[in-house]
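The values are calculated or read from the model by the stated rules, or taken from the named source; none is laboratory data. Computed from a prediction, not measured in an experiment: that's the story for all the values here. We place every Cβ from the backbone using ideal geometry, glycine too, and count neighbours over all the protein chains shown. When the accessible area is computed, the model is the full protein with side chains, heavy atoms only, and any ligands, DNA or RNA have been set aside. Shrake-Rupley method; radii C 1.70, N 1.55, O 1.52, S 1.80 Å.
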Amino acid sequence: MIGAIGARAIEDVSSMGQFGRFVWRAIKACGWSLGRTTSYSLIWTQMNIIGVRSVPIVMITGAFVGMILAVQAYDQLAGMGLEEHLGVLINISVVKELGPVLAAVMLAGRVGGALTAELGTMNVTEQIDAVRSVGTDPVRYLVAPRLLACLLLTPALIIYADLLGVLGGYFIGVIQFGINSQGYWNFSASGVELWDVVVGVVKGFFFGVAIAVISCYKGFTCKEGAHGVGQACTEAFVASFISILALDFALAVVFKAFYNTFWPLKSLVS
Amino acid sequence: MEENEKNNQAAGNDGNGIIVVKNLTKKFGNKIVLDNISLTIERGKTTVVIGPSGCGKTVLIKNFIVLLRPSSGEIYFKDKRIDNLPERELNSIRIHYGFLFQGGALFDSLSVAENIMFPIMRHYRIKDWRQVEDVVKAKLAMVGLDGFQNYYPANLSGGQRKRVALARAIALDPELILYDEPTTGLDPIRADIINELILKLQRELGETTIVVTHDMTSAYKVADRIIMLYNGRIIADGDAEHIRNHPHPVVQQFITGQVSDDDLAVLRASGTISKAQFLPRDFEE
């Protein structure tokens, strides 16, 4: 019993170490890729696959988030005669939390699953070994372009999700429930600061990196056969999802501390 | 066992060995796949590694190119120890190798031409694309597939895929080509095409060839030297004649393709219908 627990603990620590080394290699490979114009075509291709093709699904997610928030919150606020405050409630929720997190979760499913399945299949059909056999580092060739594409485009996709979330909330609140448009936007403008938008977008960089490295690592280390690839995809999504939530929490704490310390100084500068 | 000990004593480079392996052991967990193997692969010759499925043939040649690293022992390529090199340094060694994988391992997202260009593009700064296209054409012509440049791997048959993979393997004009089960899964005619290609490339390019196979027709046709692996050790090593007349019962059993008496007895003792087996009448109402 103790032996089994010990063996499991050693295995877990060892795989954490392997993951750490993989992340470090991926970061170094990204630096190498950025320094070579020949790598840009690979990055561009991945940006198209990962980013451009994710735009519709991320926009739909954002729009529904905004609309659902409006439907759920309207009755409570209208009961107190505060329906014009609906805008601030929806927009701050969308740009700061729900937009980034739900867009990232959608990307973990759509992009992360595809990355793990593609690299996992390449692994079990020896294509990754084939890359190595011709003297090419597979982390540079396969991981770096995907990681850079996720890093650069997740924040951009979050902006799309935010935009559609705001429009979705406006559509339900103002067009469907008849809230005064001017009041709706005035309260929104007074309640949502640039800081809130920046926080949401900056989270996207962290979420993008987490999705890419976890998905690529699971693909690179997946076990033989269809079952192995399927299991790797499931593990990649679960790990990405938990990482998104954990990172969201950690970043919320860090940004809050940062905000409390530095944001008041803004008035001294401006 | 004698052959293994003989190789252990002889391993060392007399100047003609392109690959020298000393006391190579490879374990996966507690399972020993290769057990203290020592051998020298001679330059310009075709060495065939035979042995039953799962005996460690593929693991052995993946160690030669350090796609797998030994658990213990040393591997030298042209007198340079390579098993302990970091991946970055290995990349400059691996361009001297060509590796034909068992399933071809073609990149499915790339066309045939792009697959063959891949090693060239990764190692050279291309100034004249027409020159690269000429190289691709020449390599495809060597394997008899010129005109297939724009096909994708999914549109090729098993034999064509292996030939394209071979064209990719020779794209950088390697000094050493490793073939992992080149004829497995092919019909006898297509298998013979691959054998002829191995001979042709060896003749025209003069490179060192290592073939892993359990196809004895192929082994006899292409080999200058045959090595037989069994339970992770070399049990026979010599030319085709030496292997044909080898006294070891496992060697004779393998090259004649006969099941052992013990295995036969087990098969005959087991019934063909078990009591738990369902019959069609079990499903009739």
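Say R0 is 45 Å: what FRET efficiency, to the nearest 0.05, do A:Ala257 and A:Ala7 get from their beta-carbon distance? The value I calculate is 0.65.
Considering only B:Val222, B:Val49, B:Val132, the Gaussian network model of chain B with Cα springs below 10 Å gives its largest mean-square fluctuation to B:Val132. With the helix formula -39500 (n - 2.57) applied to DSSP H stretches of n ≥ 4, chain A reaches a computed 222 nm mean residue ellipticity of -26000 deg cm²/dmol. For region B:188-255 and region B:81-98, write down the distance between their C-alpha centroids in whole Å. Result: 26 Å between the Cα centres. Could you tell me whether region A:163-233 comes out rounded, prolate or oblate from its Cα gyration tensor? Rule is a ≥ b ≥ c as square roots of the eigenvalues, rounded for a/c under 1.5, then prolate if a/b exceeds b/c, otherwise oblate. It is oblate, given that a/c is not under 1.5 and a/b is not larger than b/c. Leaving ligands and nucleic acids aside, the A/B contact buries around 1700 square angstrom of accessible area in total at a 1.4 Å probe radius.
Computed on protein heavy atoms with a 1.4 Å probe, the accessible areas place B:Ile193, B:Ile210 in the order B:Ile193, B:Ile210, largest first. Ellipticity at 222 nm from helices only: DSSP H runs of n ≥ 4 in chain B, each -39500 (n - 2.57), divided by the residue count, give -11500 deg cm²/dmol.
Measuring r between the beta carbons of B:Asp239 and A:Phe205 and using R0 = 60 Å, the FRET efficiency lands at 0.45. Could you tell me which of rounded, prolate or oblate describes region B:138-285, using a ≥ b ≥ c as the square roots of the eigenvalues of the alpha-carbon gyration tensor, with rounded for a/c under 1.5 and, failing that, prolate when a/b is larger than b/c and oblate otherwise? Verdict is oblate for region B:138-285.
Accessible area per residue for the protein assembly as shown, computed on protein heavy atoms with a 1.4 Å probe, is 50 Å².
Is any helix in chain A, taking whole DSSP H runs, at least 30 angstrom long along its axis by alpha carbon and on average at least -0.5 on the Kyte-Doolittle scale, and which ones? Correct list, ordered by number: A:2-34, A:55-79, A:144-170, A:194-220, A:225-262.
Each residue was assigned an accessible area with a 1.4 Å probe, and for A:Leu142 the value is about 10 Å².
For B:Lys137, the aspartates and glutamates whose Cα comes closer than 19 Å to its Cα, not counting residues fewer than 8 places off in the same chain, are B:Glu114, B:Asp128, B:Asp146, B:Asp173, B:Glu204. For A:Phe64, the accessible surface of its heavy atoms amounts to roughly 110 Å² (probe 1.4 Å, protein chains only, rounded to the nearest 10).
Counting only DSSP beta bridges with both residues in chain B, the antiparallel share comes to about 55 percent.
For region A:116-230, with all protein chains in place and a probe radius of 1.4 Å, 67% of the accessible heavy-atom surface sits on carbon or sulfur. Bridgeable lysines around B:Lys78 (alpha carbons under 29 Å apart, same-chain partners fewer than 8 residues away excluded): B:Lys6, B:Lys22, B:Lys26, B:Lys27, B:Lys45, B:Lys57, B:Lys62, B:Lys139, B:Lys162, B:Lys200, B:Lys221.
Note on B:Ser109: accessible area is roughly 80 Å² with a 1.4 Å probe, heavy atoms of protein only.
Choose one answer from A:Ser188, A:Ser243, A:Ser15: the residue with the largest mean-square fluctuation in a GNM of chain A with alpha-carbon springs under 10 Å. It is A:Ser15.
Sorting B:Lys78, B:Lys139 on solvent-accessible area from highest to lowest, probe radius 1.4 Å, gives B:Lys78, B:Lys139. Students often forget the sequence filter, so: which aspartates and glutamates lie under 19 Å Cα-Cα from A:Lys266 once same-chain residues fewer than 8 apart are removed? Of all the aspartates and glutamates, those that pass the test against A:Lys266 - Cα under 19 Å, at least 8 places apart if same chain - are A:Glu193, A:Asp196.
Comparing each chain alone with all protein chains together (probe 1.4 Å, DNA, RNA and ligands left out), the residues of region B:158-189 losing at least 10 Å² of accessible area are B:Arg168. Shape analysis of region A:1-128 places it in the oblate category; the axes a ≥ b ≥ c from the Cα gyration tensor give an a/c of at least 1.5, with a/b not above b/c. Residues B:Arg190, B:Arg130, A:Arg53 ordered from highest to lowest accessible area at a 1.4 Å probe: B:Arg130, A:Arg53, B:Arg190.
Once the partner protein chains are put back, region B:68-96 shows a loss of at least 50 square angstrom of accessible area, versus the chain by itself, at B:Asn91 (probe 1.4 Å, ligands and nucleic acids excluded). For chain B, carbon and sulfur atoms together expose 49% of the accessible surface, with a 1.4 angstrom probe and every protein chain in place.
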